[in-house]
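The values are calculated or read from the model by the stated rules, or taken from the named source; none is laboratory data. Just so it is clear, the structure is predicted and the values come from calculations on it, not from any experiment. Neighbour counts run over all protein chains shown; Cβ positions are idealised from the backbone, glycine included. The area values use the complete protein model at the heavy-atom level, side chains included, leaving out ligands, DNA and RNA. Shrake-Rupley method; radii C 1.70, N 1.55, O 1.52, S 1.80 Å.
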Amino acid sequence: GGVEVLNKCGDMVEGKLCYCDYYGEECLFGSVQAQNCLRAKTYSEVLVLAALCFQDVLRTQCSPKQIEQLKASSEKMAKSSTKANKMIRGSEDAMLTKIERGFRRHLLPNSSFRKAWDVIVFLCVVYYAFAIP
């Protein structure tokens, strides 16, 4: 789904995330906490990865040299002034995923088509329940 990245106060949109984007990777290597708020604009599935679990995955899948390189690049990105531009897609076109462009966007839980469809299905079930002798 579509997610907006807000500033610390939560009143200004700094960027947007869409399908398969990630946010807050600098928190996985150290004791840094994410400073921004996130707000879902459409139905979204969010996956959270704890730092300890991430460290376990790194230890089993990467060499110590690779882990140090990842940590160094993460620290460099955290100190960069253009960090938000690197982490967050900013274009409106990037927001439109395959789901949002096709018919499936009408099937999302909050769409008006889905609500109307659910009402029609409910009325059909009620009709058949009373029509059966």
*List the number of the failed condition for Lys8; all other conditions in (1) open to solvent by 60 Å² or more (accessible area, probe 1.4 Å); (2) out of contact with any Cys (no Cβ under 9 Å at 6 or more places or on another chain) hold.*
(2)
_All positions within region 18-45 that are free of Cβ contacts under 8 Å to residues at least 24 places away in the same chain, open to solvent by 60 Å² or more (accessible area, probe 1.4 Å) and among the hydrophobic types (A, V, I, L, M, F, W, C)_ = Cys20
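Answer yes or no: is there a residue in region 49-61 that is under 14 Å from the mean Cα position of the chain (by Cα) and either closer than 30 Å to Phe113 by Cβ or at pLDDT below 75 (or both). Walk me through how you get there before you give the answer.
Step one: of region 49-61, the residues under 14 Å from the mean Cα position of the chain (by Cα) are 49.
Narrowing further to those that are either closer than 30 Å to Phe113 by Cβ or at pLDDT below 75 (or both): none.
Looking through region 49-61, none of the residues is under 14 Å from the mean Cα position of the chain (by Cα) and either closer than 30 Å to Phe113 by Cβ or at pLDDT below 75 (or both).
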*Between residues in region 110-133 that are touching a residue at least 12 places away in the same chain (Cβ under 8 Å) and residues that are acidic (Asp, Glu) and open to solvent by less than 100 Å² (accessible area, probe 1.4 Å), which pairs lie under 6 Å by C-beta distance while being six or more apart or on different chains?*
none
*State all residues of region 93-122 that are exposed (fewer than 11 other Cβ atoms within 10 Å of the Cβ), assigned to a helix (DSSP H, G or I) and at pLDDT below 75; if no residue qualifies, say none.*
Asp93, Lys98, Arg101, Phe103
